[in-house]
Amino acid sequence: MKSVIDILDLSVDELYQMMDVAIDIDEHPERYAHRCDGKKLATLFFEPSTRTRLSHEAAMLELGGSVIGFSGAQNSSAAKGESVADTAKTVSCYADIIAMRHPVEGASLVAANNASIPLINAGDGGHCHPTQTLADLLTIYREKGTLSGLTIGMCGDLLYGRTVHSLINAMTRYEGNKFVLISPDELALPDYALDALEKSGASYKVTTSLEDSIPELDILYMTRIQRERFDDPDQYERLKDSYSLTVEKMELAKPDMAVLHPLPRVNEISVKVDDDPRACYFRQCLNGKLMRMALILKLLDEAKDKEHKGYWEKGEVRTGGLCTNHKCITKTEQELDVRYYIADDGSRRCYYCDAVVE
């Protein structure tokens, strides 16, 4: 049995196979209309979501399955203090597969380690968002015809932007990609994501200017400055309007540059840009549903093999220390020991959220 917590849980070959399935679903939906008859998806969404929750639910329904779950922590026993582990064990009795979103980083890994059915990480705090990356990959592939040799600009909240972290992990596995990291200094890429980028050997540069960067980009990945990730409201107010993609800025870009955004947007992309054929973010939504359909099919098929196949190996995992990330699951989950692995730079990193362990 396999779960998907990080995009690295899926090999490059698996990703290509899933994209082929997703495109076939788009072209021949009738072939898949009853593939999940009798199966149930549990959507456990402890924080707000529109696209991710509804696309998982639509994916299962279009495959012939059914959906149970909740769309807010206040609507679950978490409001009574139930642990993530106990929730996962309980829901495993009622469903065949779980899609879970949680505001605490590492929560999906704890849930997967305690579930007896496959679990899909639908976003864990500011850490990872692998199914959004599936949507991103299919969109890039369909728009550009390749996943290699591209210059990819990532703009906005790179610190808390879990979609950015997952996309970097995915795109560094394809040859010749270059990255332009565009953000305020306060929202620069976190160390664990920067480590992954450096370890891959991919070319990258860091800048604060969208206008100077946009002429060289094949892909522009815009992100929202996320109010819900800030502990300091004043810092959010100061940074919230850092970037705005306008029609005028689009005139500086290549005629075939693709604009992606995981959505929702606030004011970082003008609505006037929506009419530009290079704006891909609503096509991205459809691609997300298709890739989630492919992922559900894959995980349910693999669940027939009851042997636990594990997750992406970060190396030898040890117990001890204190995670420095105050949003880590080790701060809130009942009787959960801190576990860590040794990163390439010699630092101790949390098994659950990849932050430094002291």
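The values are calculated or read from the model by the stated rules, or taken from the named source; none is laboratory data. None of these values were measured; they are calculated from a predicted model. When we count neighbours, we look across all protein chains shown, and the Cβ atoms used for this are built from the backbone with ideal geometry, even at glycine. With ligands, DNA and RNA removed, areas are computed over all heavy atoms of the protein, side chains included. Shrake-Rupley method; radii C 1.70, N 1.55, O 1.52, S 1.80 Å.
Checked against (1) open to solvent by 30 Å² or more (accessible area, probe 1.4 Å); (2) of a type in the set (S, T, N, Q); (3) modelled with pLDDT under 95, GLN132 meets all criteria but (1). Taken together, TYR192, TYR204 contain a single residue that is aromatic (Phe, Trp, Tyr) and touching a residue at least 60 places away in the same chain (Cβ under 8 Å), which is TYR192. What do you reckon, is LEU147 part of a helix (DSSP H, G or I), on the phi < 0 side of the Ramachandran plot, of a type outside the set (Lys, Arg) and at pLDDT 95 or above? Criteria not met by LEU147.
Checked against (1) touching a helix residue (DSSP H, G or I) at 6+ places or on another chain (Cβ under 8 Å); (2) acidic (Asp, Glu); (3) at pLDDT 95 or above, GLU30 meets all criteria but (1). Just one residue in the set SER203, SER183 is open to solvent by 40 Å² or more (accessible area, probe 1.4 Å), of a type in the set (S, T, N, Q) and either on the phi < 0 side of the Ramachandran plot or at pLDDT 85 or above (or both); that residue is SER203. Counting only residues that are modelled with pLDDT under 95 and not in a loop (DSSP other than H, G, I, E, B), the range 303-327 holds 2 of them.
Where in the range 1-117 are there strands (runs of 3 or more DSSP E), lying wholly inside it, with at least 1 residues that are surrounded by fewer than 23 Cβ atoms within 10 Å (Cβ to Cβ) and either in contact with a Ser or Thr (Cβ under 9 Å, 6 or more places away or on another chain) or among the polar types (S, T, N, Q) (or both)? Strands (runs of 3 or more DSSP E) meeting the threshold: 40-45, 66-70. When VAL273 is tested against (1) within 23 Å of the chain's Cα centre (by Cα); (2) at pLDDT 95 or above; (3) among the aliphatic types (A, V, I, L, M), just one condition goes unmet, and that condition is (1). When you scan the range 232-250, do you find a residue that is within 20 Å of ASN121 (Cβ to Cβ), among the basic types (Lys, Arg), part of a loop (DSSP other than H, G, I, E, B) and at pLDDT below 85, even just one? No: the range 232-250 contains no residue that is within 20 Å of ASN121 (Cβ to Cβ), among the basic types (Lys, Arg), part of a loop (DSSP other than H, G, I, E, B) and at pLDDT below 85. Out of everything in the range 161-180 that is open to solvent by 10 Å² or more (accessible area, probe 1.4 Å) and among the β-branched types (Val, Ile, Thr), what residue ends up being modelled with the lowest pLDDT? Across the range 161-180, the extreme among qualifying residues is THR163. The residue that is surrounded by the fewest Cβ atoms within 10 Å (Cβ to Cβ), among those in the range 213-231 that are in a helix (DSSP H, G or I) and at pLDDT 80 or above, is PRO215.
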